[in-house]
Every structure is written in structure tokens, then in C-alpha cells.
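Taking it in order: structure first as C-alpha cells, then the write-up.
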Amino acid sequence: MNMGKLMAALAGVSLMAAPAFAASLNSKERARVARAHPSDRDDVRYCLLQAKKGRDKGTVIGAAGGAGVGAIAGGDLGESLLAGAAGAVAGRVIGKSEGTNSECDRVLKRNP
């Protein structure tokens with residue numbers, strides 16, 4: 001395996017994944033917190049942040065894993081980046097469900 005290809009693929013994945021670490025609520029999520037029952041607002045905010053962190057973490061792990069597999073399998077830079085992108089999508093979907101627990105699921109269902 002060409003170490004240059006691996007390094008290039010990992011550099012590309014890290015550039016794609018860097019924005020994923022910024023975990024703050026967007027305007028739609030802030031509005032959801034504001035609409036929540038006053039006693040649930042802190043829980044809704046916490047659960048939304050946890051879900052976002054789970055998605056972001058899954059995206060980064062999936063992207064790195066996909067690019068690594070693409071490079072190890074002998075793919076060129078484009079194939080490794082494509083594998084990284086596919087891994088990022090899969091990781092985001094998986095991380096979305098893993099970011100919260102059943103209590104958060106109940107709080108968010110109660111406060112749509």
C-alpha cells in the first residue's frame with residue numbers, strides 16, 4: 001500500500017469532518033427548546049445537543065473508517081475519498097440513534 005495515498009486520504013477526510021465538531025443548536029432547535037414545557041426546557045436542550053454530538057461523532061468515525069478501508073483496499077485517492085464519504089453518511093445515520101438514551105427519546109417525543 002502506498003503510504004502517500006493513505007496520508008492524502010486521511011487528510012481529505014479530516015478536512016471534510018472538521019465542521020462536524022461544532023455542536024451548538026441551530027435556530028430550529030432553539031425554537032424547539034423555547035416551545036418546550038418550561039420544566040422540560042433544560043432536558044430538551046441537553047438531549048438535542050447529545051443527539052447532535054452522536055451524529056457528529058458517527059460522521060467523523062465513519063468518514064475515517066471508510067477512507068481507511070478504501071486506502072487499504074488499494075483504491076486511488078478518489079476511491080478512498082468516495083469510501084470516506086459513504087462511511088460518513090453511514091456513521092451519521094448510526095450515530096443519530098446512538099447519541100441519546102430512552103429518557104431523551106421520551107423527552108423529545110413529549111416536546112416536538
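Taking the conditions exactly as written (assigned to a helix (DSSP H, G or I), under 11 Å from the mean Cα position of the chain (by Cα) and closer than 21 Å to LEU25 by Cα), does GLY62 satisfy them or not?
For GLY62, the condition - assigned to a helix (DSSP H, G or I), under 11 Å from the mean Cα position of the chain (by Cα) and closer than 21 Å to LEU25 by Cα - is not met.
Within region 44-61, which residues are under 12 Å from LEU108 (Cβ atoms) and open to solvent by 30 Å² or more (accessible area, probe 1.4 Å)?
ARG45, TYR46, LEU49, GLN50, listed by residue number.
Looking at GLY74, GLY68, GLY78, can you tell me which residue is more than 16 Å from the chain's Cα centre (by Cα), surrounded by fewer than 17 Cβ atoms within 10 Å (Cβ to Cβ) and part of a helix (DSSP H, G or I)?
GLY78
Which numbered condition trips up ARG41, out of (1) open to solvent by 70 Å² or more (accessible area, probe 1.4 Å); (2) within 15 Å of the chain's Cα centre (by Cα)?
(2)
Looking only at region 81-112, filter to residues that are open to solvent by less than 20 Å² (accessible area, probe 1.4 Å) and outside any helix (DSSP H, G or I); which one of those is nearest to ASP40 (Cα to Cα)?
ASN111
The values are calculated or read from the model by the stated rules, or taken from the named source; none is laboratory data. Nothing here was measured: the structure is a model prediction, and the numbers come from that model. Neighbour counts run over all protein chains shown; Cβ positions are idealised from the backbone, glycine included. For accessibility, only protein heavy atoms count, side chains too; no ligands or nucleic acids. Shrake-Rupley method; radii C 1.70, N 1.55, O 1.52, S 1.80 Å.
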